[in-house]
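The values are calculated or read from the model by the stated rules, or taken from the named source; none is laboratory data. Owing to the predicted nature of the structure, the values given are computational and were not obtained by experimental measurement. No Cβ is skipped: glycine too gets one built from the backbone with ideal geometry, and neighbour counts run over all protein chains shown. For the accessible areas, the whole protein counts, side chains as well, though only heavy atoms, and no ligand, DNA or RNA atoms are used. Shrake-Rupley method; radii C 1.70, N 1.55, O 1.52, S 1.80 Å.
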Amino acid sequence: MTYSLALPSTISLKKLSPNASSSFRASASFMGFRNGFRSSTGANFLIHRVFMSDSVRSQTVIDDSLFLDYKPTFAFLFPGQGAQAVGMGKESLSVPAAADLFKTANDILGFDLLDLCTNGPKEKLDSAIISQPAIYVTSLAAVELLRARDGGQQIIDSVDVTCGLSLGEYAALTFAGAFSFEDGLRLVKLRGEAMQAAADSAQCGMVSIIGLDSDKVQQLCDSANQEVDEAGRVQIANFLCPGHYVVSGGLKGVEVVEAKAKSFKARKTVRLAVAGAPHTSFMEPAVSRLEAALAATDIKTPRIPIISNVDAQPHADPDTMKKLLARHMTCPVQWETTLKTLLNKGLRKSYELGPGKIIAGVVKRMDKSADIENIGA
């Protein structure tokens with residue numbers, strides 16, 4: 001379903017070429033990933049900030065700063081890789097729209113995703129090739145479970161900002177109408193395959209460091225890097241929240257970090273069930289494959305702000321969004337800055353949609369009074 005929006009009086013289409021007028025109207029409508037998500041306020045705001053190019057071939061140009069002065073009220077937050085667990089997706093069977101997402105996924109992926117989600121085995125579910133599509137589909141199925149409950153559609157309509165932790169950004173992009181469910185799943189499928197291939201070509205891993213600030217974790221990484229060669233180097237890959245950071249890199253470096261952590265006064269370390277070393281140069285071999293897939297994917301300006309993991313800012317220009325998604329493979333995740341900004345801007349309530357409750361826990365660690373609800377599937 002497509003929603004057409006009234007054009008504001010401040011824009012005169014009479015001054016535009018017929019092609020430009022048609023293109024402008026196209027940018028002033030949006031589609032949800034399944035049944036459509038309406039946000040008239042965000043969409044009208046988008047229209048006010050669209051301007052037309054004066055080039056010979058008229059086309060719609062989107063100001064990338066479109067959403068920079070956004071005011072968050074209600075947010076949807078989507079989890080990333082590592083949130084997977086055997087049994088996820090089971091509730092989707094009770095809601096036809098959610099179950100349909102898994103059926104569509106089976107056609108695209110070529111295997112029974114829901115069966116792997118609900119029955120495992122865990123070792124297979126933990127591989128990037130399976131876990132990334134599984135989390136993506138389960139997260140969007142959770143939206144359908146929310147929609148089916150009393151007052152759920154009203155909650156969905158009220159959401160005016162969204163973001164996702166690493167992989168979760170793809171679910172956020174789909175929810176905000178930047179691309180279709182099917183295109184998002186194809187990207188996630190390729191992303192998982194490319195990351196798994198990069199992981200298999202090098203000995204690397206990820207480990208959570210609990211109980212240290214980011215400066216101390218950086219010192220821990222520096223100390224570990226003095227004891228390993230280039231192939232073993234580590235870095236902070238995920239700035240999750242104060243006292244919780246994720247280090248990623250060569251396996252030898254990860255092992256040294258784990259051995260040294262207590263001497264740096266870390267409370268504990270947790271090795272993550274994630275393929276390879278995401279958000280470091282170890283993922284460089286996967287970047288070109290993702291860039292090619294993104295170039296072939298139709299990405300639209302989202303109807304509401306989506307906060308990028310790369311710079312913790314919302315972007316509107318599709319080409320910029322594609323570049324950031326590719327960069328995201330080798331750049332640290334700025335989740336701490338993202339949440340801090342949302343909370344400081346006056347966010348009233350957020351919803352975590354998908355498997356696990358990792359994000360809810362992180363939000364509460366940043367602000368104990370924060371209102372967040374988990375919607376599982």
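Here are a few things to note about the model shown:
- The residues listed here are P302, P278; of these, the one that is modelled with pLDDT under 95 and assigned to a loop (DSSP other than H, G, I, E, B) is P278.
- Conditions (1) modelled with pLDDT of 95 or more; (2) under 27 Å from G361 (Cβ atoms); (3) not polar (S, T, N, Q); number of the one not met by R233: (2)
- Residue count for region 112-160, restricted to those that are open to solvent by 10 Å² or more (accessible area, probe 1.4 Å), in contact (Cβ under 8 Å) with a residue 60 or more places away in the chain and touching a Pro at 6+ places or on another chain (Cβ under 9 Å): 1.
- Scanning region 191-219 for residues that are outside any loop (DSSP other than H, G, I, E, B) and more than 23 Å from V310 (Cα to Cα) turns up just one, D200.
- Filtered residues of region 314-330 (kept if open to solvent by 30 Å² or more (accessible area, probe 1.4 Å) and out of contact with any strand residue (DSSP E or B) (no Cβ under 7 Å at 6 or more places or on another chain)): D319, T320, K322, K323, R327, T330
- Some residue of region 135-156 being within 19 Å of Q196 (Cα to Cα) and not aliphatic (A, V, I, L, M): yes
- Condition met for I299 (touching a helix residue (DSSP H, G or I) at 6+ places or on another chain (Cβ under 8 Å) and open to solvent by less than 10 Å² (accessible area, probe 1.4 Å)): no
- Scope region 241-290; condition of a type outside the set (S, T, Y), in contact (Cβ under 8 Å) with a residue 40 or more places away in the chain, under 15 Å from S223 (Cβ atoms) and surrounded by 18 or more Cβ atoms within 10 Å (Cβ to Cβ); matching residues: V247, G249, G250, K252, V254, V257, E258, A261, A266
- Evaluation of G177 against the conditions (1) in a helix (DSSP H, G or I); (2) at pLDDT 95 or above; (3) more than 18 Å from L165 (Cβ to Cβ) shows that the sole unmet condition is (1).
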